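The values are calculated or read from the model by the stated rules, or taken from the named source; none is laboratory data. Everything numeric here is computed off the predicted structure, so don't read it as measured data. Every residue, glycine as well, gets a Cβ built from its backbone with ideal geometry; the counts of neighbours run over all protein chains shown. Remember, those area values only see protein heavy atoms, side chains included, never the ligands or the DNA or RNA. Shrake-Rupley method; radii C 1.70, N 1.55, O 1.52, S 1.80 Å.
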Amino acid sequence: MSACFFFRYICSDTSLCRYPSTMKNTKIAFLDSATLGDSDLSPIKACGQLICWPTSTPEEALERVSDCEILIINKVKVTAQLIDAAPHLKLICEAATGVNNIDLEHAKHKNIPVLNVAGYSTETVVQTTFMLLLSLAGKLPYFDRHVKSGDYTRSGLFTDMSVSFTELYGKTIGIIGMGHIGSKVAHIATAFGMKVVYFSTSGTSHCKEYPSLSIEELLTISDIVSIHAPLNERTNHLIDADKLKLMKQEAYLINMGRGGIVEEEALAQAVDNGIIAGAGLDVFTEEPLPKNHPFLTMKHPERMLFTPHIGWASTEARIRLVAAIAGNIHSIFG
């Protein structure tokens with residue numbers, strides 16, 4: 001094998017593949033299989049001798065890779081020390097798209113390919129984006145509680161006008177990161193009758209279908225700001241206290257990218273103080289949230305909606321992911 005590389009594999013056929021009989025003794029270690037929940041790992045099991053650990057501490061990981069040839073991880077940090085602790089290692093499979101948890105330079109130095117998976121969760125991320133947005137704009141949690149609590153029954157009225165909600169038609173959505181996911185969000189937003197603008201975090205402004213704006217202009221004119229960008233030196237704390245002050249008071253912020261893109265304490269204060277109307281987040285700087293996180297001690301928690309980084313994890317997306325990991329293994333050993 002030559003240099004370290006990425007193989008972005010998408011498998012449309014999720015049936016169990018037939019792999020060469022020479023692979024049956026290949027030792028595969030999955031160090032944090034609990035991150036895939038109850039996913040059927042049969043396609044990976046067909047590739048060799050799969051041993052799964054729900055979670056692994058750094059110390060446990062060092063012991064568990066000693067005889068593996070294929071290492072599968074999701075969030076476990078693959079350090080140079082871990083790579084060196086696996087003398088038979090021939091392949092590292094990232095059970096996700098991002099590979100910032102892997103020491104790529106050391107893997108390259110050891111001639112070990114690193115294969116990730118892209119595109120398996122696009123539809124799920126887009127769906128979760130609109131789940132958060134529609135719930136925020138439509139005040140769904142309030143109205144659901146109003147009925148279930150019995151307040152609706154006791155009111156004597158056929159409706160409830162105590163809380164106003166807004167429609168998306170005619171509103172401007174500003175998308176930060178117009179990649180594959182951002183483009184799909186834009187397409188669906190237009191079906192709601194929304195106006196789309198975007199900010200290119202790479203500076204290329206490759207999409208010509210919608211206006212490309214500076215981050216300041218986008219924040220100023222948008223009714224909804226939706227983040228679909230990777231975390232890097234250009235996007236780290238891109239949305240800080242000063243940027244939040246540029247937004248409309250009635251605007252909502254959605255973050256489906258990475259937690260570090262938004263300065264979280266500043267966002268909590270902005271929402272609590274009415275600088276913006278609310279926010280919906282699926283990603284956080286530290287996951288899970290620490291007990292003392294400002295999101296958990298807000299004066300107005302009803303203005304925020306959270307999901308625990310599940311935007312990638314629909315049943316269908318996880319089936320595609322497992323099939324793609326198996327396909328990545330087959331690309332090297334098949």
About the Cα centre of segment 183-236, how large is the charge dipole given +1 on each Lys and Arg Cβ and -1 on each Asp and Glu Cβ? Please answer in debye to the nearest 20. 180
Using all alpha carbons of segment 237-308, what is the percent of pairwise distances in each 5 Å bin, ordered from the shortest bin to the longest? 3, 18, 32, 29, 15, 3, 0
Estimated [θ] at 222 nm from DSSP helical runs (n ≥ 4, -39500 (n - 2.57)) normalised by residues in the chain, nearest 500: -8500 deg cm²/dmol
Amide H within-cut-off set for Ile112, under 5 Å, with H built and near neighbours excluded: none
Everything considered on the Cα gyration tensor (a ≥ b ≥ c; rounded for a/c under 1.5, else prolate if a/b is larger than b/c, else oblate), segment 106-215 must be described as oblate
Looking at the square roots a ≥ b ≥ c of the eigenvalues of the Cα gyration tensor of segment 23-119, which shape do they give, rounded for a/c under 1.5, prolate if a/b is larger than b/c, or oblate? rounded
From the Cα gyration tensor of segment 164-270, with a ≥ b ≥ c the square roots of its eigenvalues, which class applies: rounded if a/c is under 1.5, or else prolate if a/b is larger than b/c, or else oblate? oblate
Furthest towards positive pole of dipole, Leu104, Met131, Leu50, structure part the chain, Cβ charges: Leu50
Which of the chymotrypsin sites (Phe, Trp or Tyr not before Pro) found in segment 171-266 are loop residues per DSSP with 13 or fewer other Cβ atoms within 10 Å of their Cβ? none
Ranking Ala266, Thr297, Gly179 by how far each Cα lies towards the positive end of the charge dipole of the chain (+1 on Lys and Arg Cβ, -1 on Asp and Glu Cβ), the top one is Gly179
List, largest first, the extents of the alpha carbons of segment 149-198 along their principal axes, each in whole Å. 48, 21, 16
Heavy-atom accessible area order for Cys93, Cys52, Cys207, largest first, 1.4 Å probe: Cys52, Cys207, Cys93
What nm distance separates the two modelled labels at Glu105 and Asp240, each placed 7 Å from Cα along Cα→Cβ? 2.6
At most 12 other Cβ within 10 Å, DSSP loop - GluC sites (Glu not before Pro), segment 259-334: Glu286
Segment 296-334: trypsin sites (Lys or Arg not before Pro) in DSSP loop, at most 14 other beta carbons within 10 Å: Lys299
Reported label for calculated Rg/Rh (Cα atoms, Kirkwood Rh) given [x] 1.12; [y] 1.00; [z] 1.03: [z]
With all distinct Cα pairs included, what does the Kirkwood hydrodynamic radius of segment 200-325 come out to in Å, to one decimal, could you say? 15.6
Cα axis of helix 122-138 to longest principal axis of the chain: angle in degrees, 0 to 90, nearest 10? 20
Size of charge dipole - the chain - debye, nearest 20, with Cβ of Lys, Arg +1 and Asp, Glu -1, no other charges: 640
If you place +1 on the Cβ of every Lys and Arg, -1 on the Cβ of every Asp and Glu, and leave all else neutral, what size is the dipole of segment 72-229 about its Cα centre, to the nearest 20 Debye? 280
Projected label distance in nm at Gln127 and Asp160, using a 7 Å step from Cα toward the beta-carbon: 2.7
What angle do you read, to the nearest 10 degrees and between 0 and 90, between the alpha-carbon axis of helix 315-333 and the longest principal axis of the chain? 30
Rounded to a whole number, what % of the accessible area of the chain do carbon and sulfur atoms account for, probe 1.4 Å? 55
Cα centroid distance between segment 276-334 and segment 63-86, in Å? 24
Roughly what angle does helix 180-191 make with the longest principal axis of the chain, taking Cα atoms, 0 to 90 degrees, to the nearest 10? 30
